[in-house]
Structures are given as structure tokens and as C-alpha cells.
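*Asks:* Submitted below is the structure of interest, expressed as C-alpha cells.
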Amino acid sequence: MPAVIDSNAIQAVFARPLTDGSFEPPVQGYLRRIYARRPFLLLAFAPKCAGTYFRQAAINAVGGHLIRMCHAQGGRDGTLYLPNVIASCLDETAPVTVTHLHMQALTANRRFIETLGLRPVIMIRNIADMLASFLDMLEIDLIARAEGLNCQVPENFCEMERSDKLDFMIDVIAPWYASYFATWKSFVDETPGTVCVLRFHDFCTNPAEALRTTLTHAGFVTTLFRCRQSLEAVWRQKENYRFNKGVRGRGNEYFSPAHISRLRKLLSYYPQLAGWTAELLDDARDAARPCAA
């Protein structure tokens, strides 16, 4: 049966959040209670971190279903949408909810996560590799070009010179990635244990363990065997889940040393990223290596 929307739910939907995204204590308490009854898995991956593939494996592992928790996909820079969250938490007969948002840990998003008691999961991957995969997607996917990434992709993108496309990825798309990782690093540092941080190279080496770590962190019970089965089932259909090449170090084949220097400069604006910079950039100098997922 669908969610039962009672008067408490209606009052919560229309309660105006504070300017920082937090809620008054009565609403906060209500949201925390309904989420505790039906928690969901939030994969807050950046684009091109194998997130679509990973989320389907998670869905298989927990017997869940995918629910869009943002207002709309257009623009891709997602935020949790309160009516969707409440509806999911109140639908006690539905499968486990798995949601996948390209979401920064900006203040309002953090306050919403803290209100619910969510335990989100992110993945660190070399930025140049992600930009290379993103470029491949933009060149062939009309919907991806329409959605952009908190920006508008030029209508003539496919006709642009290759050098201009590469510059666009560095000048327009890459700043979002820098901000994304900076916000999550701050969240990780300030609230230890709340966010599960996966590494793409670990996922490539042992995908089943990465999936089990994710589900265990979010409060779901599973086994390594179940995770392995789920991944194998999705791998057979990986083309349907936007799995591109999964090659580590491929960004070095796309972007010049000057491009990588500009990426490094972007990250340097966020001192908190010092501990992640090697993972976000240094693999771009390595030889390309396939992901064994």
C-alpha cells in the first residue's frame, strides 16, 4: 500500500526550515523518528564514480528499489526533497529505498542529513579520470548534455574542437568536483563516522567488500557472498548502468600537464583537501589500468 500521509506528515512538509537547512525541534524529532523506522541508503557519489552500476548492485543486495529523493534530475546538483523523503519513510510495505544523488555536502544538505540521522556514502576517484569519462558521456548522450552539472553545456558541444571540449571540462565542470570533495572532506572531518568514504581503487580491487562496507555502514545486514552475487548479476548488464571503461589513469591520456596543473590549483583553494589531493590527482600521472569490477 502507498504511504499514509497523516497530519504530522503534512505539517512537516509545510514547516519552513531555518536558513541553514535545519528544522525546529518538533519537526526535527518527527523526521528523525520516521526515518529510524525505514532508513534508506544514500549514495552521494560524484558523477562517473561507477555510481549507477554500484547502486544497482546495492539494490540487488538488499532487495530494494531506486527512488529519486531530489526534486528533479535536471542540473544534477541534487538536494534531498522533503516530500519524497517523507513518502519513502512512511511507505512501510515498500522495498528498501536506495537513492543516488550527485550531492555536495553544503550546509543545508548537511543539516538535513543530520536531522534524519542519515549515514551517506561517497567515493573518491581521480578527478581527471572522472572528467575523461564525463566527456565521453557528453559526446554521446543528449540527456547528459541537457542536464549538465550545475551548469549549461553549450548546444554546439559536439561540434566544438577537441581542445575546447577539454578546456570546458577543466574550466566549467571541474570546479564542481573541487567544491564537492571539499564539502564532503569538511563533513568527514567534523563528524567522524557519519560518512562512509570509499576509494575507487579499492572498489576495483575488491568490489564485494566495498559493497558490504557500504551497506553495513548504512545499517543494513548482508553477507560478502550476497554482495558478490549482486555485483556479478549487474556486471553482466553493465552497459545498461552507464559503466564506461572503469580505467584508472585514463585522464592522463585526455588532459595535458597544463590541465592537471589547473586542477591542482582548483583543489589548492580548499586546504581541507590536503589529505585527499594525492588520491584526487596523482593517479593521473600513472599508466592506465583497468578496473576489475
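The values are calculated or read from the model by the stated rules, or taken from the named source; none is laboratory data. Computed from a predicted structure; not experimentally measured. All Cβ positions, glycine included, derive from the backbone under ideal geometry; neighbour counts span all protein chains shown. Heads up: the accessible areas ignore ligands, DNA and RNA and are worked out on the full protein's heavy atoms, side chains in. Shrake-Rupley method; radii C 1.70, N 1.55, O 1.52, S 1.80 Å.
*Asks:* Among MET103, MET69, which is without any contact (Cβ under 8 Å) to a residue 40 or more places away in the chain and open to solvent by less than 10 Å² (accessible area, probe 1.4 Å)? Lay out the reasoning, then the answer.
*Replies:* On the way: MET103 fails: without any contact (Cβ under 8 Å) to a residue 40 or more places away in the chain.
Answer to the check: MET69.
*Asks:* Another one. Going by the conditions given, is THR79 within 13 Å of the chain's Cα centre (by Cα), surrounded by fewer than 18 Cβ atoms within 10 Å (Cβ to Cβ), over 30 Å from ARG228 (Cβ atoms) and not aliphatic (A, V, I, L, M)?
*Replies:* Working: within 13 Å of the chain's Cα centre (by Cα): yes; surrounded by fewer than 18 Cβ atoms within 10 Å (Cβ to Cβ): yes; over 30 Å from ARG228 (Cβ atoms): yes; not aliphatic (A, V, I, L, M): yes.
Yes; evaluated as a whole, the condition is true for this residue.
*Asks:* Among the numbered criteria (1) outside any loop (DSSP other than H, G, I, E, B); (2) over 28 Å from SER22 (Cβ atoms), which one does ARG110 miss?
*Replies:* (2) is the only condition that ARG110 fails.
*Asks:* Next up: Can you tell me which residue within the stretch 243-293, out of those that are at pLDDT below 95 and of a type in the set (Lys, Arg), is least open to solvent (accessible area, probe 1.4 Å)?
*Replies:* Among those that are at pLDDT below 95 and of a type in the set (Lys, Arg), it is ARG250.
*Asks:* So, one more: Here is a list of conditions, (1) part of a helix (DSSP H, G or I); (2) in contact (Cβ under 8 Å) with a residue 12 or more places away in the chain, and THR194 meets all of them except one; can you say which number that is?
*Replies:* Exception for THR194: condition (1).
*Asks:* Looking only at the stretch 211-222, which residues are surrounded by 18 or more Cβ atoms within 10 Å (Cβ to Cβ) and aliphatic (A, V, I, L, M)?
*Replies:* If the condition is that a residue be surrounded by 18 or more Cβ atoms within 10 Å (Cβ to Cβ) and aliphatic (A, V, I, L, M), then LEU211, LEU215, ALA218 are the ones that fit.
*Asks:* Of the residues ILE10, ILE34, ILE59, ILE86, only one is over 24 Å from the mean Cα position of the chain (by Cα) and either open to solvent by less than 40 Å² (accessible area, probe 1.4 Å) or more than 24 Å from LEU106 (Cα to Cα) (or both); which?
*Replies:* Details: ILE34 fails: over 24 Å from the mean Cα position of the chain (by Cα); ILE59 fails: over 24 Å from the mean Cα position of the chain (by Cα); ILE86 fails: over 24 Å from the mean Cα position of the chain (by Cα).
None of the other options fit; the residue is ILE10.
*Asks:* With the structure loaded, tell me whether LEU131 is in a loop (DSSP other than H, G, I, E, B) and open to solvent by less than 10 Å² (accessible area, probe 1.4 Å) or whether it fails that test.
*Replies:* Working: in a loop (DSSP other than H, G, I, E, B): no; open to solvent by less than 10 Å² (accessible area, probe 1.4 Å): yes.
No.
*Asks:* Additional query: Would you tally the residues in the stretch 58-85 being of a type outside the set (Asp, Glu), over 17 Å from LEU118 (Cα atoms) and out of contact with any strand residue (DSSP E or B) (no Cβ under 8 Å at 6 or more places or on another chain)?
*Replies:* Matching residues across the stretch 58-85 total 9.
*Asks:* Given the conditions (1) open to solvent by 60 Å² or more (accessible area, probe 1.4 Å); (2) free of Cβ contacts under 8 Å to residues at least 60 places away in the same chain; (3) not charged (D, E, K, R), which single one is not true for ALA208?
*Replies:* (1)
*Asks:* Listed residues ILE124, ILE113, ILE140; which is of a type outside the set (D, E, K, R) and free of Cβ contacts under 8 Å to residues at least 40 places away in the same chain?
*Replies:* Working: ILE124 fails: free of Cβ contacts under 8 Å to residues at least 40 places away in the same chain; ILE113 fails: free of Cβ contacts under 8 Å to residues at least 40 places away in the same chain.
Of ILE124, ILE113, ILE140, the one residue that is of a type outside the set (D, E, K, R) and free of Cβ contacts under 8 Å to residues at least 40 places away in the same chain is ILE140.
*Asks:* I need the full set of residues from the stretch 33-49 which are out of contact with any Ser or Thr (no Cβ under 6 Å at 6 or more places or on another chain) and part of a loop (DSSP other than H, G, I, E, B), in order please.
*Replies:* Let us first name the residues in the stretch 33-49 that are out of contact with any Ser or Thr (no Cβ under 6 Å at 6 or more places or on another chain), namely 33-39, 41, 43-47, 49.
Across the stretch 33-49, the qualifying residues are ARG38, PRO39, ALA44, PHE45, ALA46, PRO47, CYS49.
*Asks:* Within the stretch 134-158, work out how many residues are part of a helix (DSSP H, G or I) and under 23 Å from TYR270 (Cβ atoms). Write out each step before concluding.
*Replies:* Going residue by residue through the stretch 134-158, those that are part of a helix (DSSP H, G or I) are 134-140, 142-147, 157-158.
Filter again for under 23 Å from TYR270 (Cβ atoms), leaving 134.
Final tally of qualifying residues: 1.
*Asks:* Would you pick out the residues in the stretch 223-242 that are modelled with pLDDT of 95 or more and surrounded by fewer than 19 Cβ atoms within 10 Å (Cβ to Cβ)?
*Replies:* THR223, LEU224, PHE225, ARG226, ARG228, GLN229
*Asks:* When residues of the stretch 86-107 are filtered for being under 27 Å from PHE203 (Cβ atoms) and in a helix (DSSP H, G or I), how many remain?
*Replies:* Filtering the stretch 86-107 down to residues under 27 Å from PHE203 (Cβ atoms) leaves 88, 95-106.
After this cut, where a residue has to be in a helix (DSSP H, G or I) as well, the list is 88.
So the count comes out to 1.
*Asks:* Just checking, does the stretch 159-182 include any residue being part of a loop (DSSP other than H, G, I, E, B) and either acidic (Asp, Glu) or touching a residue at least 40 places away in the same chain (Cβ under 8 Å) (or both)?
*Replies:* yes
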